[in-house]
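Report on the following structure.
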Amino acid sequence: MSNRRDFMGMALGGFAGLGALGALYAAKRTWDPLPSVKAGGFTTLDLSNVPENTLIVEKWRGKPILIIKVAKDDKAYKDKRLITVDGHKYMIVVGLCTHLGCIPDYFPEKHKFICPCHGGQFDAAGEVLKAPPPSPLVIPPFKIDGKKVVLGEEGPEYKKLKAAGLVA
Ligand code: FES
C-alpha cells in the first residue's frame, strides 16, 4: 500500500513539476526580446512574430520602448498615433512618463497606462488621459524597413507624424 502511495505521490509530483515548467516556459516566451540588432545608436526590431495585444518592452539608447501590436478591430486605439508595419498597426512609444520620467504600468484590460509616481494616465496610444503628464508618451524616431523597424532613424513615416505634431 505504501509503495502504491509513493508511486502516486511521485506521479502527482511529476505532473505538478511539468505544469510549473510549462508555466515558466510560457512566461519566458512572453519575456523574450524581439529579434533585434543594435548598432551605432540604432536598434532594428523584427516585428514578424509579435503577438497581438501583448506589451513588448525593448530598449533603445538605454530607454524602455513599449510596443503593442493592435488587434485589427480594436477601437481602443486612436489611429493617428499608430504606426503601420507590413499591414499591421503598432503602438511604439518611449516608456517614460512625460511628467518626471517614471515608467508607466500597462493595464491591458483597461487599455491604459498608469504612472505609479503621481497617478498620470495615458490611453493605449500614449495620449494623456489624466494629468500631471503635460504631453503624450513620445514616439521615438523610426524608419520602417519591410517587417522591421529601425529605431533612431527618421524615416518618411516618422517625419509625417512629426510634421503633424504627433511624436511627442
Ligand atoms: S512621473 Fe508620471 S505622473 Fe509624475
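Summary of computed values
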read-out: Candidates G95, G126, G155, G165, filtered to the one that is more than 27 Å from K38 (Cα to Cα) and not hydrophobic (A, V, I, L, M, F, W, C); value: G165
read-out: Residue in the stretch 117-130 that is within 8 Å of the ligand (Cβ to nearest atom) and of a type in the set (S, T, N, Q) present; value: no
read-out: Some residue of the stretch 155-168 being closer than 22 Å to E52 by Cα, touching a Leu at 6+ places or on another chain (Cβ under 9 Å) and at pLDDT 95 or above; value: no
read-out: Qualifying residue in the stretch 96-106 (condition: crowded, with 16+ Cβ neighbours inside 10 Å, more than 16 Å from the ligand (Cβ to nearest atom) and in the same structural domain as G41 (by TED's automatic domain parsing)); value: no
read-out: Which numbered condition L151 misses (of (1) buried (at least 19 other Cβ atoms within 10 Å of the Cβ); (2) within 16 Å of the ligand (Cβ to nearest atom)); value: (2)
read-out: Flag if V70 is under 18 Å from the mean Cα position of the chain (by Cα), modelled with pLDDT of 95 or more, of a type in the set (V, I, T) and assigned by TED's automatic domain parsing to the domain that holds E153; value: no
read-out: Any pair with Cβ under 7 angstrom, 6 or more apart, that starts in the stretch 35-61 at a residue that is loosely packed, with under 14 Cβ neighbours inside 10 Å and ends at one that is modelled with pLDDT under 90; value: E52/A71; N53/A71; N53/P108; T54/T30; R61/G41
read-out: Exclusive hit being hydroxyl-bearing (S, T, Y) and either at pLDDT below 90 or closer than 21 Å to Q121 by Cβ (or both), set T84, T54; value: T54
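The values are calculated or read from the model by the stated rules, or taken from the named source; none is laboratory data. Keep in mind the model is a prediction, meaning the values are calculated, not measured. Note that each Cβ is placed from the backbone with ideal geometry, even for glycine, and that neighbours are counted across all protein chains shown.
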